[in-house]
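Remarks on the structure that follows.
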Amino acid sequence: MSVVFPAKPITLLKTTGGDDFPVNRVFCVGRSYAAHAREMGADPVREAPFFFTKWAETVVNAAPEDDLEIPYPPETTSFHHEVELVVAIGKTGSQIAVEQAQSHIWGYAVGLDMTRRDLQAGAKAKGRPWDVAKNVENSCPTGRLQPIAGCGPITAGAISLQVNGALRQSGDIADMIWTVPEIIADLSRFYTLAAGDLIYTGTPAGVGPVVSGDRISCEIAGLAPLSVRIGGS
Ligand code: MN
């Protein structure tokens, strides 16, 4: 086989064990935490969580030792942080039952779903797709992936984000409107989930803008931390 130009390398997310996890697709959940749904003007009781997608290449390794800097993206003046629990799928499946969902989890990480909030607000107002707001290059800095075999299922625990050392987002995984198994089961109604898929499971309240030079630090209890610097545009 010959190709007309070299194929792009597969995106690799580093794991705590040292092996790389090949990233297949990226799914994101909207409105996972009631308090964040309210701050975005939605009613978490009436409106169920929903899904959107990003390219695999939006994922970038962001352990503190990676010393990652991402550029401030073009065409926005409101680049927002969203800290999220990332669930990595390790086994193919569709129409997955809630009771079986945990067996499809390879592991967990702490990740960011960075967002051009101004473009998202404009898209919402006009009923347009969110792609240019959400599917932003380098918009998913992610910490080391922890295998579930080493930590067990995560159903509760503190999730937090700091900007330049000041606490901006704080919540608990237990406060998600839908549990991780329920999210996997629901998503698998629409797609055949495959090993390598990542699910960014939504963010707690406190989202806000960053500017060039800011340092974002994120933690989820029991997982390796995340650190990323916002560079120039
Ligand atoms: Mn998000």
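What follows draws every value from the coordinates through simple rules; no lab data is involved. Fair warning: this is a prediction, and the values are worked out from it, not measured in the lab. FYI the Cβ positions are ideal-geometry reconstructions off the backbone, even for glycines, and counts take in every protein chain you see.
Structure notes:
- Tallying residues that are over 15 Å from the mean Cα position of the chain (by Cα) and within 26 Å of Val45 (Cα to Cα) within region 154-186 yields 18.
- Under the condition of being outside any strand (DSSP E or B) and within 11 Å of the chain's Cα centre (by Cα), the residues counted in region 59-87 number 1.
- Scanning region 88-100 for residues that are of a type outside the set (A, V, I, L, M) and assigned to a loop (DSSP other than H, G, I, E, B) yields Gly90, Lys91, Thr92, Ser94, Gln95.
- Filtering region 1-38 to residues that are among the charged types (D, E, K, R), part of a loop (DSSP other than H, G, I, E, B) and without any contact (Cβ under 8 Å) to a residue 24 or more places away in the chain leaves only Asp19.
- Restricting Tyr200, Tyr191 to those that are among the hydroxyl-bearing types (Ser, Thr, Tyr) and in contact with a strand residue (DSSP E or B) (Cβ under 6 Å, 6 or more places away or on another chain) reduces the list to Tyr200.
Let's see how each residue does on (1) within 15 Å of the chain's Cα centre (by Cα); (2) within 16 Å of the ligand (Cβ to nearest atom); (3) of a type in the set (Ser, Thr, Tyr):
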position: Ser2; (1), (2), (3): no, no, yes
position: Ala7; (1), (2), (3): no, no, no
position: Asn24; (1), (2), (3): yes, no, no
position: Ile89; (1), (2), (3): yes, no, no
position: His104; (1), (2), (3): no, no, no
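- Those strands (runs of 3 or more DSSP E) of region 113-195 in which 1 or more residues are within 14 Å of the ligand (Cβ to nearest atom), surrounded by 19 or more Cβ atoms within 10 Å (Cβ to Cβ) and not aliphatic (A, V, I, L, M) occupy 140-142, 166-172.
- Condition check for Ile199: part of a helix (DSSP H, G or I), among the aliphatic types (A, V, I, L, M) and surrounded by 20 or more Cβ atoms within 10 Å (Cβ to Cβ): no
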